[in-house]
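Trainee: What follows is a single structure, and I will ask about it in a moment.
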């Protein structure tokens, strides 16, 4: 295997950390560029501090340097990504941009694949909604980079070091035991991907010099919602009793889909096809996915070392998990309904 020089925007948090670790484990020379505010750096990587939104910091990063590939995991603003693309043009052979399935305009409402239309967002946009901005970032790469352009649109990512807080919230809640409010139909099929499998796929494609786009959301129907929560109960060893309440009941109680009961996607407009994206192209290109139960187990092994008071279930802008008093009230009302 040829040793590559790889620049990674990010490198310390969740997916960017997993990609950095994968590249280092394979013997590549890795440079990470970040502000040093979100996570710890990995031993073995050259660390350059800076803010990619500050032109002077970017100029300092690229001065006198070249890489075989750039992996941009942190890009969220098209104008900022476009500036990175401009400065790195001619200094790298491949620009890999990690986008999101949320860049696809019809995601959730229809089954989607690589040919599905993106949100209409220009490549120089400076503000907007998350999904649209990711679409604009893709355009900034495709319009501005003269070398190989790799676009990866991940689906729902789980695994150790998760900083979004979906699986960590469920593991923490279920570890308390007792009656647990569970949403909708336990047989509802999901499609999730382990962060380590996604990282391996990205590095595989970078090593191959691939210039293409892939939707990477895992193996279709690789777990049901009931199996997923049961796996959480098994690894925590908790005495948890799942109480499955219907979509209609929960919506009537103003429970927020996707966030208050993380990854709950009721059968309603905009959510009915959330778990039906096509990863066929990525799977054919070598994406390999481990069992979801392994992801749950390894995430608990990581999470249990973090004191509960220090665990993160998202950010101040988007926190995951239902308040205990709200859960208790809904449980009581569901169980007291007429037979």
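Trainee: Quick one: which of 307-320, 69-82, 122-135 comes out on top by average Cβ neighbours within 10 Å, and what's the full order, highest first?
Mentor: Working: 307-320: 11.6, 69-82: 23.4, 122-135: 17.9.
Taking the mean over residues of other Cβ atoms within 10 Å, the ranking is 69-82, 122-135, 307-320.
Trainee: Here's something else I'd like to know. What ranking of 289, 137 emerges when the number of other C-beta atoms within 10 Å of each C-beta is taken as an exposure proxy, fewest first?
Mentor: The fewest-first ordering by Cβ neighbours comes to 289, 137.
Trainee: What ranking, highest mean first, results for peptides 184-197, 156-169 when packing means the other Cβ atoms within 10 Å averaged over each residue? List each step's numbers first, then the result.
Mentor: Working: 184-197: 19.6, 156-169: 21.6.
Ranking, from highest mean packing down: 156-169, 184-197.
Trainee: Please work out, to two decimal places, the log10 of the ratio I(q)/I(0) at q = 0.09, 0.17, 0.21 Å⁻¹ from a Debye calculation in which every Cα of the range 5-154 carries one identical scatterer.
Mentor: -0.27, -0.94, -1.35
Trainee: Where does each of 297, 288 land when they are ranked from fewest to most other beta-carbon atoms within 10 angstrom?
Mentor: Values: 297 16, 288 11.
Ranking 297, 288 by Cβ neighbours within 10 Å, fewest first, gives 288, 297.
Trainee: Compute the angle between helix 166-175 and the longest alpha-carbon principal axis of the chain, please, reported from 0 to 90 degrees and rounded to the nearest 10.
Mentor: 40 degrees
Trainee: Using Cα-Cα distances under 8 Å and only pairs 6 or more residues apart, what relative contact order does the chain have, in percent?
Mentor: Reported relative contact order: 18 percent.
Trainee: For labels at residue 325 and residue 293 in the simple 7 Å Cα→Cβ model, what's the distance in nm?
Mentor: 4.0 nm
Trainee: Here's something else I'd like to know. Before anything else, pin down the relative contact order of the range 5-154: Cα pairs under 8 Å, at least 6 apart, normalised by residue count, whole percent. Numbers along the way, then the final one.
Mentor: Numbers: 317 pairs, mean separation 33.1, N = 150.
About 22 percent, as a whole number.
Trainee: Angle check, please: helix 195-208 long axis (alpha carbons) against the longest principal axis of the chain (alpha carbons), in degrees 0 to 90, nearest 10.
Mentor: 20 degrees
Trainee: How tilted is helix 14-25 with respect to the longest principal axis of the chain? Cα atoms for both, answer in degrees (0 to 90, nearest 10).
Mentor: 50 degrees
Trainee: Ratio of alpha-carbon Rg to the 2.2 N^0.38 Å globular estimate for the chain, to two decimals, please. Walk me through the numbers before you get to the answer.
Mentor: Working: Rg = 20.6 Å, N = 339, 2.2 N^0.38 = 20.1 Å.
Dividing the Cα radius of gyration by 2.2 N^0.38 Å gives 1.03.
Trainee: Mark the label point 7 Å from the Cα of residue 2 along Cα→Cβ and return the residues of the range 186-208 whose backbone N is within less than 13 Å of it.
Mentor: 206-208
Trainee: DSSP beta bridges in the range 5-154, what fraction antiparallel, as a percent rounded to 5? Write out the running numbers ahead of the final one.
Mentor: Working: 1 of 25 bridges.
Taking every DSSP beta bridge with both residues in the range 5-154, the antiparallel ones total about 5 percent.
Trainee: Sort 25-33, 56-64 by the packing proxy (mean of other Cβ within 10 Å over each peptide's residues), most packed first.
Mentor: Working: 25-33: 19.0, 56-64: 13.4.
Highest mean packing first, the order is 25-33, 56-64.
Trainee: Okay, moving on. Run the numbers on the range 143-293 and let me know its relative contact order in percent, using alpha-carbon pairs under 8 Å that are six or more apart.
Mentor: Numbers: 229 pairs, mean separation 53.4, N = 151.
Once divided by the residue count of the range 143-293, the mean separation gives 35 percent.
Trainee: To check you understand DSSP bridge types, tell me what percent of the beta bridges within the chain (both residues inside) are antiparallel, rounded to 5.
Mentor: In the chain, DSSP labels about 10 percent of beta bridges as antiparallel.
No lab work stands behind these numbers, since they all come straight from the coordinates. Everything numeric in this text was worked out from a predicted model, so none of it was measured. Ideal geometry is used to build each Cβ from the backbone, glycine not excepted, and the neighbour counts take in all protein chains shown.
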